[in-house]
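Encoded as structure tokens, the structure appears first; notes follow it.
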Amino acid sequence: MTVLIITHSQDNECVDRVAAAIAELGGRAFRFDTDAFPQGARLALASGPGAGRSTLRAPGAGAGELDLGDVTAVWYRRVAHGGGLPTSMDPQLRSASIQEAKQTVEGMLAALRVPQVDPLPAVRFASNKQVQLDIAREVGLDTPRTLTTNDEGAARAFAAACPGGVIAKMLSSFAVYRGGEEHVVFTNALGAEDLADMRGLSLCPMTFQEKIPKARELRVTVVGERVFAASVDSQAAPGAEVDWRRQGIELIDTWRKDALPPDVEAGVLRLMDQLGLNYGAIDILRTPDGRHVFLEVNPSGEFFWLERTPGLPISEAIAEVLLGKAPRRGSWSAFLHPAATPRR
């Protein structure tokens, strides 16, 4: 059995961990760094009688050539389409090359009628934070009051309705680069002075949520039908109270195994079914009075530090699902064969 791993050359140790787990279970992992295409990797997608085989040749030790007909599953991890193209190219031509590379890779994925963790349409659908919150409420999970807006008046009215305070966050993850340094945009608590001057909101919408008191922050990783929970005391590290990622390195060895109440775990699995995901990294808050409040799910979220501490076997679980040795959630086929899905 051969698993095609879609990623890029700067991805972290997750890829090597899952590839090793696949090998231990008797499978083959073939890594495709999308930033090496089109300048390094070679992809040939054949269609029709006499057109030849569809193949992928990837540079690097141990990569070699892959007959795409041999692929039995895909792990869609990360992409950086055309990232290796020279920056000296004419900007318009470079942009066109990146777009063609993206369309080619996505065409390959659509043509591979094999189980994928997860199909690109499912990943895109599930990445919408508003959709996540709506579905989470529908399946019975507790969610914070939330407003996404570029309207100052609406934002102030929302803040006034949240006596415990509000936080501001972005719907997309990004960083600002100044002087060659990366500045990640974290979640922030808003004070009176922030609410008084919100002129910048007309230039970029933001998401506002009621501030939820925290006893612990949970990272819940779902793989197929398995649910792995770990938690951290973010309130113990100065600067991490609103967003634990600000002190992620300091807290990395303090995560511990945890568990969700049965009704919350059942709600999480219902959410995954509705989103069409076999994999998701979910952020949940546990309040001092024992509530579990869903914040968001990342369809391609990180997990490597949870394998170090507290030692959750997530890579093995991913490999088992990819190789068909553990149950998959059954929704992937509907995304790969939409025409076969009955209309209601």
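The values are calculated or read from the model by the stated rules, or taken from the named source; none is laboratory data. Keep in mind the model is a prediction, meaning the values are calculated, not measured. Every residue, glycine as well, gets a Cβ built from its backbone with ideal geometry; the counts of neighbours run over all protein chains shown. Please note that ligands, DNA and RNA were not included when accessible areas were found on the heavy atoms of the full protein model with its side chains. Shrake-Rupley method; radii C 1.70, N 1.55, O 1.52, S 1.80 Å.
Quick look at the numbers
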| quantity | calculated |
| --- | --- |
| Over region 35-135, relative contact order from alpha-carbon pairs under 8 Å, at least 6 apart, % | 27 percent |
| Length gained when the stretch L25-K102 is fully extended (0.36 nm per residue, less Cα-Cα span) | 24.6 nm |
| The chain - percent of accessible surface contributed by carbon and sulfur, probe 1.4 Å | 51 percent |
| Rg to Rh, two decimals, where region 86-156 supplies the alpha carbon set and Rh follows Kirkwood | 1.18 |
| Cα pair count fraction exceeding 25 Å, expressed as % - the chain | 58 percent |
| For T2, residues with placed amide H under 5 Å, excluding near neighbours | R28, T72, A73 |
| Efficiency of FRET from Cβ geometry, I249 and R57, R₀ 30 Å, rounded to 0.05 | 0.20 |
| Options P262, A281, G52, ranked by Cα towards positive dipole end of the chain, top entry (Cβ charges) | G52 |
| Of Q116, A161, G311, farthest towards positive along the dipole that unit charges on Lys, Arg, Asp, Glu beta carbons give the chain | Q116 |
| The chain, helix-only ellipticity at 222 nm - DSSP H runs n ≥ 4, -39,500 (n - 2.57), divided by all residues, nearest 500 | -8000 deg cm²/dmol |
| Virtual spin-label span in nm between E138 and L45, 7 Å along Cα→Cβ | 3.0 nm |
| Beta bridges per DSSP with both ends in the chain, % antiparallel, nearest 5 | 75 percent |
| Sites K325 and C204 - FRET efficiency at Förster radius 56 Å, r taken between beta-carbons, to 0.05 | 0.80 |
| Amide H contacts of A215 (H built 1.01 Å from N, under 5 Å, at least 5 apart or other chain) | R286, T287 |
| Charged-residue dipole, Cβ positions (Lys, Arg, Asp, Glu), region 1-79 about Cα centre, Debye nearest 20 | 160 debye |
| Placed amide H near R291: partners under 5 Å, 5+ positions off or other chain | none |
| Subset of K129/K325; K169/K325; K169/K214; K129/K214; K214/K325 violating a 28 Å alpha-carbon distance limit | K129/K325; K169/K325; K214/K325 |
| Unit charges on C-beta of K, R, D, E only; dipole of the chain, Debye | 760 debye |
| Average accessible area per residue (Å²) across the chain - probe 1.4 Å, nucleic acids and ligands excluded | 49 Å² |
| Backbone HN-Hα couplings from phi across region 285-291 [Karplus 6.51/-1.76/1.60, Hz, Gly and Pro as x] | 9, 9, 8, x, 8, x, 6 |
| In degrees, nearest ten, helix 262-275 long axis to first principal axis of the chain (Cα) | 50 degrees |
| Helix axis angle, 91-111 relative to the chain longest principal axis, alpha carbon, degrees | 80 degrees |
| Mean shadow area of region 1-146, taken as a quarter of the surface of its Cα convex hull (nm²) | 12.3 nm² |
| Order by protection proxy (mean Cβ within 10 Å, highest first), peptides 73-80, 200-207, 51-58, 296-303 | 73-80, 296-303, 51-58, 200-207 |
| Relative contact order computed over the chain (Cα-Cα under 8 Å; 6+ residues apart), in percent | 19 percent |
| For L269, net neighbour charge (Lys/Arg +1, Asp/Glu -1) across residues whose Cβ lies under 12 Å away | -1 |
